[in-house]
Amino acid sequence: MRIGILGSGLMGGKLGTILARAGHDVTFSYARSEQKLNRLAREAGNGARASTPAGAARHADALLLAVHWLRVDDVLKQAGDVSGKVIVSCSLPMNEDDTDLVIAHSSSGAEALAKKVPRANVVSAFGTVPSEVLFELFERRRRKNRPNLVYCGDHKGAKKTAEQLIRDVGFDPIDAGPLRVARYLEPFTLLVAQLAYEGKRGPRMAYQFNWY
Ligand SMILES: NC(=O)c1ccc[n+]([C@@H]2O[C@H](COP(=O)([O-])OP(=O)(O)OC[C@H]3O[C@@H](n4cnc5c(N)ncnc54)[C@H](OP(=O)(O)O)[C@@H]3O)[C@@H](O)[C@H]2O)c1
């Protein structure tokens, strides 16, 4: 798949690197320095490139949106026309100092995003795990007993695309339903962050659901 990374920080930089190493055609974009984007592309290998958001979006089969909530409008403006694109978003609707959700309960960041890009197909995924665990999981991807990753969205095809990417990173995907389920998924992420950053065992963590 051709994947455009919109936001090449902790999440976008790592997921882009992993997806390039998993065999996808990755273009990194949106960081404050061009050198950083070039370095990410070089280190990811497998033909990964650095570009502008518009360059990353142009030929992409899927876009990974990985910016702070306050940067969403700016990166989307720079990306240009995203009609028909799959947008996999890990971006949480956090306030400026990352202490609270600014949208919750009666809507979600994912739904607000979908309203901003009505012609794109938004899937909420990857936001429920800390970036610190991603490389480790990719290394372990061939082992049995993978951790889960919940995702949600309204478009069947876009969800299939997201599911493939989730598997490629090393998770066992769980379809949580329509995009409105992001109302539960996003607060759940704050629980994960609490365990990761305030708990005793650190942020190299993921989760697994079991049915009995
Ligand atoms: N980090 C996590 O573990 C985690 C987990 C779950 C969900 N999330 C969510 O995922 C999203 C991304 O988080 P993150 O931790 O990856 O954030 P991050 O490391 O700050 O990455 C954001 C990217 O946006 C770029 N950026 C910021 N301002 C910019 C500007 N004015 N012009 C151009 N580029 C700019 C940053 O550039 P630089 O590279 O130059 O800084 C960086 O590449 C957030 O919504 C967050 O809530 C994060």
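The values are calculated or read from the model by the stated rules, or taken from the named source; none is laboratory data. Bear in mind that the values here come from a model prediction, so they are computed numbers and not experimental data. Here the Cβ is made from the backbone with ideal geometry for all residues, glycine too, and neighbour counts use every protein chain on show. In case anyone asks, the SASA skips ligands and DNA or RNA and just uses the protein heavy atoms, side chains included. Shrake-Rupley method; radii C 1.70, N 1.55, O 1.52, S 1.80 Å.
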**Fill in**
Of the residues in the stretch 58-108, those that are in contact with a Pro (Cβ under 6 Å, 6 or more places away or on another chain) and near the ligand (Cβ under 8 Å from one of its atoms) come to Trp69, Val75
**Request:** Within the stretch 167-191, work out how many residues are within 14 Å of the ligand (Cβ to nearest atom) and crowded, with 19+ Cβ neighbours inside 10 Å.
**Result:** 6
**Asked** So how many residues does the stretch 1-30 have that are within 8 Å of the ligand (Cβ to nearest atom) and either without any contact (Cβ under 8 Å) to a residue 24 or more places away in the chain or surrounded by fewer than 16 Cβ atoms within 10 Å (Cβ to Cβ) (or both)?
**Response** 1
**Asked** Among the residues of the stretch 111-120, is any without any contact (Cβ under 8 Å) to a residue 40 or more places away in the chain, among the hydrophobic types (A, V, I, L, M, F, W, C), more than 18 Å from Gly13 (Cβ to Cβ) and within 15 Å of the ligand (Cβ to nearest atom)?
**Response** yes
**Message:** Every residue in the stretch 1-49 that is more than 12 Å from the chain's Cα centre (by Cα), within 13 Å of Leu165 (Cα to Cα) and not in a helix (DSSP H, G or I), please.
**Reply:** Met1, Arg2, Ala22, Gly23, His24, Asp25, Val26
**Message:** Quick check on Asp98: is it closer than 24 Å to Thr17 by Cβ and in a helix (DSSP H, G or I)?
**Reply:** no
**Complete:** Taking the stretch 94-121 and keeping only residues that are under 17 Å from Lys159 (Cα atoms) and open to solvent by 40 Å² or more (accessible area, probe 1.4 Å), one is left with Pro118, Arg119
**Message:** Out of everything in the stretch 67-93 that is open to solvent by less than 20 Å² (accessible area, probe 1.4 Å) and in contact with a Phe, Trp or Tyr (Cβ under 9 Å, 6 or more places away or on another chain), what residue ends up being nearest to Lys159 (Cα to Cα)?
**Reply:** Val88
**Prompt:** So Gln194 clears everything in (1) in a strand (DSSP E or B); (2) over 21 Å from Met1 (Cβ atoms) except one condition, right? Which one?
**Reply:** (1)
